[in-house]
Amino acid sequence: MTSANPLDIQPDLVVDLLVRFLREEVGQSGFQRSVLGLSGGLDSAVAAALCARAFGPSNVLAVTMPYRTSNPDSAGHARLVAERLGLELRTVDISAMADGYLNQERVELPLRRGNVMARCRMIVLYDLSVEWRGLVVGTSNKTEILLGYTTQWGDGAHAVNPLGDLYKHQVYQVARYLELPREVIDKAPSADLFAGQTDEAELGFTYATADAILYHLIDERFCEDELVALGHPRELIRKIVDRVVRYQFKRLPPLIAKLSLRTVNRDFRYLRDWEHSR
Amino acid sequence: MDCKVVLVQNNPALGHLHHNLEQHVATVKAAIDAGADLVVFPELSLTGYFLKDQTYELGLEPDAPILAPLLQLSKRISICFGMVERSREKRLYNSHVFLEQGRVLSVHRKVHLVTYGMFDESRDFAAGERFDCVDSRLGRFGFLICEDMWHLGGTYLHFLNDVDALIVPSASPGRGADAGGQGLANVRIWQTLLGAVSLFTQTFVLYANRVGWEDGISFSGQTCAYDPFGRRVGLLEGFDPGELALTLRSAELQRARAVTPLRRDEKPWVLLGQLERITGLNARRSTDPT
């Protein structure tokens, strides 16, 4: 069997593995239910569909969290996905909680405003996880994580993430395999933090380009000259490499100054699944 | 060597010795009830794999009192299982223990510890230094724990020792879901390797690989067996725990070795002569002043 795009995956195999991953890792944490934000976009729709398969639709709480400037289409698409999957959809408008801070501190910069909204959503999800008795499932894909295109402690905060090792191209493949609504698959990806925003306009390159460069850079360990030989502009490669390096801090736990003989996560080394050996 | 074997594809709870031991005992009892002669568990089947600092806490001597239930059951069935072995010198080994007739018949300590990519075994384990074969009531066995099989030396020594079957316990993480092939890439590679080794050595090759997840890393299962002709004679598909039962017949070994008498015609002295020259040269090179 040959494949046109080296990023192509076997979606049936991937879905089987990710459903098992969710069931086992969430189960080992003592939970049988999950909570996740449903933005109306592709990634959260795929994560929701995987959760529905893993835990059963009645054990998944989908939360849509619009801000007053959010595109109304987003909530509509979230509703469409929830209906398709048979999930309970709760709407929590974050305008009041976000504005409480944004107005008080007169925050104007779109980056800051966007980060505040993402962190408000994190607060809602983690609060509802207690009420729902379910773990918060993340929706960040590998492309976003490598580009650092996430808000630390915002959408980057979750207990488990089924999409974190899938490039955007592969998330699309899984979405098509799961037969998610066309409206969600076909629209331009957007963080919807301000009107008219699209990921690709903000990043300055397409996901397809980023995926191709990142796949060869990370998975295949190509060097810059080899990427240029593939036809990618050197300037763009450097821009992407710069993001990968610059945002490493978002991917790791905070630094701890080592003083003792055994320091957490340095030479005090246990998996999260350690808990289950008690 | 005619015997009935059960290969186990288990999902141990990380570091939960008591729970895993109970599971082992239940599986062994079921194998006895099914009339099996030998039951084979995967690598580190008693403890789980990514142990890190738990390695130190879980080390046991193979005849530790806690393992008495398995030792007792081994009076009725031969048992191979994986554990963290603490030696008399207090070193920790990734070991596979062979229990038979109420005693520890052998312990194979993994020689080729994996320390690259996601693996860090050399940080926690000492490496074994030998590939000994084991003369069991059922026949002659050789052990290759996971990465041991990726190096030709152990396989070759077992081949020279005329083993009847190679036992390959494994904890192979699942990876590579690319559309260029069918199934996981690591599974495809393992199947190629297992088939080739059974063909080269003209032995049965018994592969017991675990399933389940540890902190986001899956184990790919696909426990299987190959006959001395390099043909797969059993496979557990999918990623669920389970058991694969099969019968090994001496006549198969005889037939394979009659068709192509590889061991009879092997010339280890040719290898030995060149090996001394090659390794001697390398040793001198590594100590040359620069």
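The values are calculated or read from the model by the stated rules, or taken from the named source; none is laboratory data. Here the structure is a predicted model, which is why all the values come from computation and not from measurement. Every residue, glycine among them, receives a Cβ derived from its backbone with ideal geometry; neighbour counts consider all protein chains shown. Side chains are part of the model used for accessible areas, which takes the heavy atoms of the whole protein and leaves out ligands, DNA and RNA. Shrake-Rupley method; radii C 1.70, N 1.55, O 1.52, S 1.80 Å.
Remarks
- Residue that is farthest from residue B:208 (Cα to Cα), among those in region B:1-26 that are buried (at least 21 other Cβ atoms within 10 Å of the Cβ) and away from every other protein chain (no Cβ under 13 Å): B:24
- Residues within region A:228-273 that are part of a helix (DSSP H, G or I), within 11 Å of chain B (Cβ to nearest Cβ) and open to solvent by less than 90 Å² (accessible area, probe 1.4 Å), tallied: 1
- Selection of region B:144-194 for residues being of a type in the set (Lys, Arg) and assigned to a loop (DSSP other than H, G, I, E, B) yields only B:175.
- Residue count for region B:121-140 under the criterion of being over 26 Å from residue B:173 (Cβ atoms), touching a residue at least 24 places away in the same chain (Cβ under 8 Å) and of a type outside the set (S, T, N, Q): the result is 7.
- For region A:120-225, the helices (runs of 4 or more DSSP H) that sit wholly inside it and include 3 or more residues that are in contact with a Phe, Trp or Tyr (Cβ under 9 Å, 6 or more places away or on another chain) and open to solvent by less than 20 Å² (accessible area, probe 1.4 Å) are A:207-214.
- Test: residue in region A:5-12 that is in contact (Cβ under 8 Å) with a residue 40 or more places away in the chain, more than 8 Å from chain B (Cβ to nearest Cβ) and at positive phi: no
This table checks each residue for (1) part of a loop (DSSP other than H, G, I, E, B); (2) closer than 25 Å to residue B:211 by Cα.
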{"site": "B:42", "(1), (2)": "yes, yes"}
{"site": "B:46", "(1), (2)": "yes, yes"}
{"site": "B:66", "(1), (2)": "no, yes"}
{"site": "B:84", "(1), (2)": "no, yes"}
{"site": "B:97", "(1), (2)": "no, yes"}
{"site": "B:107", "(1), (2)": "no, yes"}
{"site": "B:111", "(1), (2)": "yes, yes"}
{"site": "B:130", "(1), (2)": "yes, no"}
{"site": "B:135", "(1), (2)": "no, no"}
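- Candidates B:190, B:213 - the one that is without any contact (Cβ under 8 Å) to a residue 60 or more places away in the chain, aromatic (Phe, Trp, Tyr) and open to solvent by 20 Å² or more (accessible area, probe 1.4 Å): B:213
- Residue in region A:26-40 that is crowded, with 22+ Cβ neighbours inside 10 Å, within 12 Å of another protein chain (Cβ to nearest Cβ) and in contact with a strand residue (DSSP E or B) (Cβ under 7 Å, 6 or more places away or on another chain) present: yes
- In region B:54-65 there is at least one residue that is open to solvent by 30 Å² or more (accessible area, probe 1.4 Å), within 14 Å of another protein chain (Cβ to nearest Cβ), modelled with pLDDT of 95 or more and out of contact with any helix residue (DSSP H, G or I) (no Cβ under 7 Å at 6 or more places or on another chain).
- Candidate set from region B:148-192 (those that are of a type in the set (Asp, Glu) and touching a Lys or Arg at 6+ places or on another chain (Cβ under 7 Å)); member that is nearest to residue B:120 (Cα to Cα): B:148
- Within region B:27-40, tally of residues that are surrounded by 14 or more Cβ atoms within 10 Å (Cβ to Cβ) and assigned to a loop (DSSP other than H, G, I, E, B): 2
Results for (1) of a type outside the set (A, V, I, L, M); (2) part of a helix (DSSP H, G or I), shown as yes or no for each residue.
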position: B:197; (1), (2): no, yes
position: B:206; (1), (2): no, no
position: B:213; (1), (2): yes, no
position: B:228; (1), (2): yes, no
position: B:245; (1), (2): no, no
